[in-house]
1. Return the only residue of B:THR201, B:THR176, B:THR193 being open to solvent by less than 20 Å² (accessible area, probe 1.4 Å), more than 14 Å from chain A (Cβ to nearest Cβ) and modelled with pLDDT under 95.
2. Give the residues of segment A:28-57 that are out of contact with any Phe, Trp or Tyr (no Cβ under 6 Å at 6 or more places or on another chain) and at pLDDT 85 or above, sorted by residue number.
3. Can you name every one of the helices (runs of 4 or more DSSP H) wholly within segment A:83-179 that holds 3 or more residues which are modelled with pLDDT of 85 or more?
4. Return a yes/no flag: does segment A:63-85 have any residue that is within 14 Å of chain B (Cβ to nearest Cβ) and surrounded by 16 or more Cβ atoms within 10 Å (Cβ to Cβ).
5. Report yes if B:VAL71 is more than 28 Å from B:LYS241 (Cα to Cα), without any contact (Cβ under 8 Å) to a residue 60 or more places away in the chain and of a type in the set (A, V, I, L, M, F, W, C), otherwise no.
6. Of everything in segment B:159-173 that's in contact with a helix residue (DSSP H, G or I) (Cβ under 8 Å, 6 or more places away or on another chain) and within 22 Å of B:VAL121 (Cβ to Cβ), which residue is surrounded by the most Cβ atoms within 10 Å (Cβ to Cβ)?
7. Among (1) part of a helix (DSSP H, G or I); (2) surrounded by fewer than 16 Cβ atoms within 10 Å (Cβ to Cβ); (3) away from every other protein chain (no Cβ under 13 Å), there is one condition B:LYS110 misses while meeting the rest; what is its number?
8. What number of residues in segment B:29-71 are of a type in the set (Val, Ile, Thr), surrounded by fewer than 20 Cβ atoms within 10 Å (Cβ to Cβ) and out of contact with any Asp or Glu (no Cβ under 9 Å at 6 or more places or on another chain)?
Amino acid sequence: MVALSTLSLIVGWSLLYITPIFFSVLASIFVFRVYRKLLGWLKFLVIAGLLILAVQTFTYSGFGFSFEGLFYGVSFALRFLTLILLVFIFVHTTPTRKLVEAFSFLPYPLSFMLMLSLNMLPRIEDLAKTIVNAQKARGLNFKTLNVFKVYPPILIPLLSKTLEKSQQLALALQTRGFE
Amino acid sequence: MGITVKNLCFTYHGSSKKVLDGVNLKIEDGDFIGVVGPTGSGKTTLLYCLNGLIPNSIKGKFYGEVLVDGVPTTSCKVSALAKKVGIVFQDPDWQLFSVTVKDEVAFGLKNLRMNRVEERVREALKTVGLEGFEDAEPYRLSQGQKQMLCIACVVAMQPKTILLDEPTSNLDYKNTKNVYGLLRRLNREEGKTIVVVEHDTDLLAEYAEKILVINDGKIVKNGSKEEVFSDCRLLENLGIKIPRGWF
Ligand SMILES: Nc1ncnc2c1ncn2[C@@H]1O[C@H](COP(=O)(O)OP(=O)(O)OP(=O)(O)O)[C@@H](O)[C@H]1O
Ligand SMILES: [Mg+2]
């Protein structure tokens, strides 16, 4: 019983501690005006958050519902979302050029790889949008919350296309003298 | 010296289909060659053989020989061949990767340790008409500008031969004309050898000098455009459009 109450105290604390951070991050979404871009990802974030919450709630102490699990779940989900939102704000408010400059102290191959992957992100994002639209046009129902129905038709083509295109990129690098 | 292809056969790793099947070809310096053929006939694969990407980077069963200026491609690195044979791939978005236009052009020059990098970058951008875009972000350029930038990257390395894989497949008419106008200038004024894969035979009838027809991995016709485009039977059979004014 003592252990239990100590635990919920800790959980409560972490909840208290993470909640203001979460809401300030959420607020900065509006300050930095990146909410339009975030809108498209919102559903995926909510689903991911709920998934974490559910898994924690029902597996914390064996299989079945527990309050500690619920606390943990809320706390973890908020932490996860905070992190994602922070990265999101960072990426969308910092020009790639500035990011690359900041890391130019690294040895060339490393900073080059970093530049390359940062610079390829928008292309992959655009590819994802194209695939989402194509699947919508073919009648994929995004309203359902069934992740097993929504994710595979997006992720599988995205993965295989990205793989194909990255091979293409590797060829392009070589034909420009990169070894 | 040019490029000589002798008895070339190629099968991609993990597949059993001969994508190129006994190709013999001689590309002379200063040629402007258009390559036509149905989808999947091996046009892209042939281009990749001409600059050594096959078999040096892309693995598979490779028979025969490709000689660039008399030297087999198997005995050179792809990066070394880049000085002699440049290539513009089909999709600009996945061959442009730099943060600025000038970095993009300079990338190849720096890798090949060429001198006068800034001067060459400026010249190359001037050649393709992209002066003033030095600090722009390649991914944000228009389709036409992206294609021109890809060509500038190759031109800056000053190869004798330039290969292009369907360079105008997603360009409008005006940009297409620009690209082909540029290729003609590079060919006539700078003596570059141009090999271009192109579906639009009208364009080839106007700009190319020689035509290579490829089907199922074999060269089925190779000659001057007059000779090839007047063979209506062959083109008809392969589903290749006979250019206007050649009926
Ligand atoms: N990396 C690869 N691995 C296995 N098979 C491949 C690979 N790339 C191409 N092929 C196959 O080789 C054949 C010829 O492909 P290639 O890309 O050279 O044709 P193409 O003439 O360029 O066609 P398109 O007009 O569609 O560009 C096709 O049947 C294709 O499926
Ligand atoms: Mg092709």
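The values are calculated or read from the model by the stated rules, or taken from the named source; none is laboratory data. Values in this document were obtained by computation on a predicted structure and should not be read as measured data. Every residue, glycine as well, gets a Cβ built from its backbone with ideal geometry; the counts of neighbours run over all protein chains shown. Surface areas here come from the heavy atoms of the whole protein model, side chains and all, with no ligands, DNA or RNA. Shrake-Rupley method; radii C 1.70, N 1.55, O 1.52, S 1.80 Å.
1. Just one listed residue meets the conditions, B:THR201.
2. A:VAL46, A:ILE47, A:ALA48, A:GLY49, A:LEU50, A:LEU51, A:LEU53, A:ALA54, A:VAL55
3. A:108-137, A:147-174
4. Scanning segment A:63-85, I find no residue that is within 14 Å of chain B (Cβ to nearest Cβ) and surrounded by 16 or more Cβ atoms within 10 Å (Cβ to Cβ), so the answer is no.
5. Taking the combined requirement at face value, the residue satisfies it.
6. B:LEU163
7. All conditions pass for B:LYS110, except number (3).
8. 3
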